[in-house]
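Reading through the structure tokens given below for one structure.
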Amino acid sequence: MNLRRVNLAVRLFAAQVLVLAVGGLTLALVAVAVGPRIFHEHLGRVGGEVSAEARWHVEQAYASANALALGVGLLAALVAALAASAYATRRIASPVTHFALASASLADGHYDVRMADPGLGNELRTLTDSFNTLAGRLETVEATRRRLLADLGHELRTPLATIEAYLEAAEDSVAVDDEDLQSVLRTQTARLHRLADDIAAVSRAQMHQLDLHRVRTPPADLVRDAVAAARPRYAGKGVMLRSDVRPSSHVDVDPQRMGQVLGNLLDNALRHTPEGGTVTVRVTGGARNVELAVVDTGPGIPAEHLPHVFERFYRVDTARDRDNGGSGIGLAIVRAVVSAHGGRVRAENAPGGGAMFRVVLPPAGQAQV
């Protein structure tokens, strides 16, 4: 670190010495080329005859004064340049060194590192803020990655353990009903297939590889189809499903993909709404956007979880398994599909209690929101 400061100080001082040398040389050339002529003109205005010896002594005095002034000025400038270099080195090298160390620490996987504002102006403050933002996002990504791997291992462990148990029973010649065995194997392999399909779907969506077939569609049709498909599941749990559709503009969407979005939101609302509760699908429209909202009367979402509900494998209730709590991928697919349509989705708590998921889409023929 000290060697870096010395190198920076040397470079700054060398640059300043170069500037001073060029300035001093220019001043000396001007003094030699122009000074004598101006001096002789003023000497001639004194009046009377000036002897050659006197003129020579005066010219020597002029030259000596110029040389002394130039030398003292350059020496003072060099001392000032050295002091300025030392000060600038101390002020600049310290935050630069801290940035280098923080970047190396970040590269080593220490995502909790943060930089303090060095107080050297807006440029370094902006750089500091950008670095801290980058570190914060990397920390979030790393936490998500670890949670994803842990959840993925959990999702795979349950069906594999079930299949393994039946295989061990067969190896130990334990009598297992063929019908039960086939049912269990089909259920568990279907579960694995569903998990693989969910991961592939959200990956394609987030990589913008969805094949969208856009059709100008009334939002009321999207809601009607989604509500009709979900109504039997709601009736089975004893949850009321309502729709509140107001006049709105048409939207240019892929009906199947948007049906998947509404289906995932309705499944999510059903899981978190107790028996006797109500889930409402609302459609409102304005001049600039069309909004589809799914509102439930469940317990709502804790504030600390709201920013993360659309992340892959994220569950508000980590105690839920895949059968009871979903895979944690459905809302990630919702966000990816809505983004592919040029819209946005957000989760919030409804004023009267429960959770509300709002999907905002641009009206047909308008630019993305």
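The values are calculated or read from the model by the stated rules, or taken from the named source; none is laboratory data. Computed from a predicted model, the values in this text were never measured in an experiment. With ideal geometry, Cβ positions are generated from the backbone for all residues, glycine too; neighbour counts draw on all protein chains shown. Quick note on the areas: whole protein, heavy atoms, side chains included, nothing else; ligands and nucleic acids left out. Shrake-Rupley method; radii C 1.70, N 1.55, O 1.52, S 1.80 Å.
At R0 = 25 Å, how high is the FRET efficiency between His305 and Phe99 if r is their beta carbon distance? Nearest 0.05 is fine. Let's see the in-between values first.
On the way: r = 34 Å, r/R0 = 1.35.
Computed FRET efficiency for His305 and Phe99: 0.15.
Taking label points 7 Å from Cα along the Cα-to-Cβ direction, Ala165 and Ala287 give a separation of 6.3 nm. Derived scalar couplings between HN and Hα for the range 276-281 equal x, x, 9, 10, 10, 9 Hz in order, rounded to whole Hz, by the Karplus curve 6.51 cos²θ - 1.76 cosθ + 1.60 (θ = phi - 60°), x for Gly and Pro. Around the amide H of Leu120, modelled in the peptide plane, lie the amide H atoms of Arg125, all under 5 Å away and 5 or more residues distant in sequence or on another chain. Taking all protein chains as shown and a probe of 1.4 angstrom, Glu304 keeps an accessible surface of around 120 Å².
Quick check: with the 1.4 Å probe, what order do Tyr234, Tyr111 take by accessible area, largest first?
On the way: Tyr234 0, Tyr111 60 Å².
Largest accessible area first, the residues go Tyr111, Tyr234.
Across the range 332-346, coupling constants 3J(HN,Hα) worked out from phi with the 6.51/-1.76/1.60 Karplus curve, θ = phi - 60°, read 5, 5, 4, 5, 5, 5, 5, 4, 5, 8, x, x, 9, 9, 9 Hz, and Gly and Pro carry x.
Using R0 = 51 Å, the C-beta based FRET efficiency linking Leu156 and Arg125 works out to 0.65. Residues whose amide H lies under 5 Å from that of Ala355, counting only those 5 or more places away or on a different chain, are Asp296, Gly298, Gly300, Ala350; hydrogens are built 1.01 Å from N in the peptide plane. Please work out how much length the chain gains when fully extended from Arg346 to Thr187, using 0.36 nm per residue of separation minus the C-alpha to C-alpha distance, in nm with one decimal. That pair, Arg346 and Thr187, stretches by 53.9 nm at full extension. Using θ = phi - 60° in the Karplus curve 6.51 cos²θ - 1.76 cosθ + 1.60, the 3J(HN,Hα) couplings for the range 297-310 round to 10, x, x, x, 10, x, 4, 5, 8, 4, x, 10, 5, 8 Hz; x is entered for Gly and Pro.
Length gained on full extension, Val215 to Ala143: 22.0 nm, using 0.36 nm per residue less the C-alpha separation.
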